[in-house]
Amino acid sequence: MKEKPIFQPSFGNRPEQLIGRNDVLDRLMSDLQSYPGSAERATLLVGQRGMGKTALLIELADRAKKHDFITARVTCGETMLDNLIEMLQKAGAGFIREQKSPIKGFNAGALGFSIGLTFTEEAQRSFGFRVKLEMICERLAQAGKHVLVLVDEVDPSVPQMRELATAYQELAGEEADISIVMAGLPSSIAETLNYKTLTFLNRAQRIALGLIPVSTVEDYYMNAFERAGIKASPDIIRQAAVHTNGFPYLIQLIGYYLTKLSESGKPVDEAILKRAEALASNEVDDKVFQAMLNPLSELDLVFLRAMAQDNGISNVADIEARTGLSHGTVQTYRRRLLDAGVVYSPRRGTLTMVMPQLADYIRRQEF
Ligand SMILES: Nc1ncnc2c1ncn2[C@@H]1O[C@H](COP(=O)(O)OP(=O)(O)OP(=O)(O)O)[C@@H](O)[C@H]1O
Ligand SMILES: [Mg+2]
């Protein structure tokens, strides 16, 4: 079998090193250890495609396991509730101590369980998700274990998400030892949508996953390039890091293309770096930016094109002047784009694109 490559640009995998996320991981770990029922035990991570939501959930699950958590990581969808129960049963069974009954032949397993975390046939048949989850939490709590549920690609329109939200709220209300960390795209959970589950999602504490500091990327590249067999001067390494802007998917892509282009053993010069950057940017265009702009309306795009004329930060007043749209319409579209996570407001009255390369992409497009 071939050795695992250092750089692996894709979605939903685990990077060989998760960089720049220690603060958020520390905060999440401390929140998970707050008292049962605390509001800090329900968190929603929000970030654009490729910002590293899944990678973070995987890492968090790993850390939590080391602190007596039994975890289940599911993708939001029709089968998630069954998966969740089964994963908790599988991960937790080994920690359940069977109590031997003094009366021979009598199985003294907890009520509703046959062995470990397996339900009796009757419990399996007659109880729904909510009761099963409660039973598992109780049984694990007796074994000194806490339950952590991780839900990726949260979609409030999925009925099972609503069922999970209700069950979680009820269990948290009863101070069961359970926590939930969810992750989703800003556009999936925008306030303009109208689903009951949104109330739950909006009440959860929200953490926006953003870009990683370029200096952190540079430090990482120094070490990772060497391991990947990429020969590059400190200046080239710095330029490569700057180009990523701290966007996790691009960190992987640039590393990946530099590995490929330097297979001949030649040190990376400016020309090679430019080629790697172009190849990487093409993929970000197709897999991130296109997907980000796809759900937007014609007027959203008019707004964004007006913004793209600026270098970095735009004044909302200028957008009004450039587009000729009314003040009210500009405010509506400003809100829509903030909700969709395509822009953010660094200061009152100003807006900027979530990623600087997005402005380039928009300038290059013929809509
Ligand atoms: N902190 C990080 N350090 C290094 N690489 C990372 C980091 N976070 C994510 N990556 C890498 O970036 C790529 C995208 O990450 P990931 O799949 O987690 O994004 P995502 O936010 O879940 O995207 P999507 O919305 O499409 O599900 C993957 O190749 C992953 O290994
Ligand atoms: Mg993901």
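The values are calculated or read from the model by the stated rules, or taken from the named source; none is laboratory data. Not measured: the values here are computed from a predicted model. Cβ atoms come from the backbone with ideal geometry, glycine included; neighbour counts cover every protein chain shown. Surface areas here come from the heavy atoms of the whole protein model, side chains and all, with no ligands, DNA or RNA. Shrake-Rupley method; radii C 1.70, N 1.55, O 1.52, S 1.80 Å.
Restricted to region 36-67, and to residues there that are in a helix (DSSP H, G or I) and within 12 Å of ligand 1 (Cβ to nearest atom), the residue that is surrounded by the most Cβ atoms within 10 Å (Cβ to Cβ) is 60.
Residues in region 186-195 include at least one that is open to solvent by 50 Å² or more (accessible area, probe 1.4 Å), within 16 Å of ligand 1 (Cβ to nearest atom) and closer than 30 Å to residue 288 by Cα. Quick check: anything in region 13-30 assigned to a helix (DSSP H, G or I), more than 7 Å from ligand 1 (Cβ to nearest atom) and either in contact with a Ser or Thr (Cβ under 8 Å, 6 or more places away or on another chain) or among the hydroxyl-bearing types (Ser, Thr, Tyr) (or both)? So far as region 13-30 goes, yes, one or more of its residues are assigned to a helix (DSSP H, G or I), more than 7 Å from ligand 1 (Cβ to nearest atom) and either in contact with a Ser or Thr (Cβ under 8 Å, 6 or more places away or on another chain) or among the hydroxyl-bearing types (Ser, Thr, Tyr) (or both). In region 143-231, counting only strands (runs of 3 or more DSSP E) that sit wholly within it, the ones holding 1 or more residues that are among the polar types (S, T, N, Q) span 178-184, 205-208.
In region 139-159, which residues are farther than 17 Å from residue 94 by Cβ and surrounded by 15 or more Cβ atoms within 10 Å (Cβ to Cβ)?
Looking only at region 139-159, we keep the residues that are farther than 17 Å from residue 94 by Cβ, and these are 149-159.
Passing the criteria: 149, 150, 151, 152, 153, 154, 155, 156, 158.
Check region 322-335 and report whether any residue there is at pLDDT 95 or above, among the basic types (Lys, Arg) and either touching a Phe, Trp or Tyr at 6+ places or on another chain (Cβ under 8 Å) or assigned to a strand (DSSP E or B) (or both). Checking region 322-335: at least one residue is at pLDDT 95 or above, among the basic types (Lys, Arg) and either touching a Phe, Trp or Tyr at 6+ places or on another chain (Cβ under 8 Å) or assigned to a strand (DSSP E or B) (or both).
When region 161-202 is filtered for residues that are within 26 Å of residue 34 (Cα to Cα) and charged (D, E, K, R), the ones remaining, listed by number, are 162, 163, 170, 174, 175, 177.
Can you find a residue that is over 27 Å from the mean Cα position of the chain (by Cα) and open to solvent by 70 Å² or more (accessible area, probe 1.4 Å) anywhere in region 253-260?
The initial filter retains those residues of region 253-260 that are over 27 Å from the mean Cα position of the chain (by Cα), namely 260.
Checking the rest, the ones that are also open to solvent by 70 Å² or more (accessible area, probe 1.4 Å) come to 260.
Yes, some residue in region 253-260 is over 27 Å from the mean Cα position of the chain (by Cα) and open to solvent by 70 Å² or more (accessible area, probe 1.4 Å).
Within region 11-36, residues that are more than 15 Å from ligand 2 (Cβ to nearest atom) have Cβ atoms under 6 Å from residues that are assigned to a helix (DSSP H, G or I) and hydroxyl-bearing (Ser, Thr, Tyr) in these pairs: 19/216; 19/220; 20/216, counting only partners at least 6 apart in sequence or on another chain. Of all the residues in region 202-246, those that are away from ligand 1 (no atom under 16 Å from the Cβ), closer than 29 Å to residue 156 by Cα, in contact (Cβ under 8 Å) with a residue 24 or more places away in the chain and not charged (D, E, K, R) number 2. In the condition set (1) under 30 Å from residue 218 (Cα atoms); (2) modelled with pLDDT of 95 or more; (3) not acidic (Asp, Glu), residue 11 is compliant with all but (2). Residue 5 passes every criterion in (1) farther than 28 Å from residue 143 by Cα; (2) within 13 Å of ligand 2 (Cβ to nearest atom) apart from (2). Of the residues in region 93-101, at least one is among the hydrophobic types (A, V, I, L, M, F, W, C), in a helix (DSSP H, G or I) and either open to solvent by less than 20 Å² (accessible area, probe 1.4 Å) or free of Cβ contacts under 8 Å to residues at least 40 places away in the same chain (or both).
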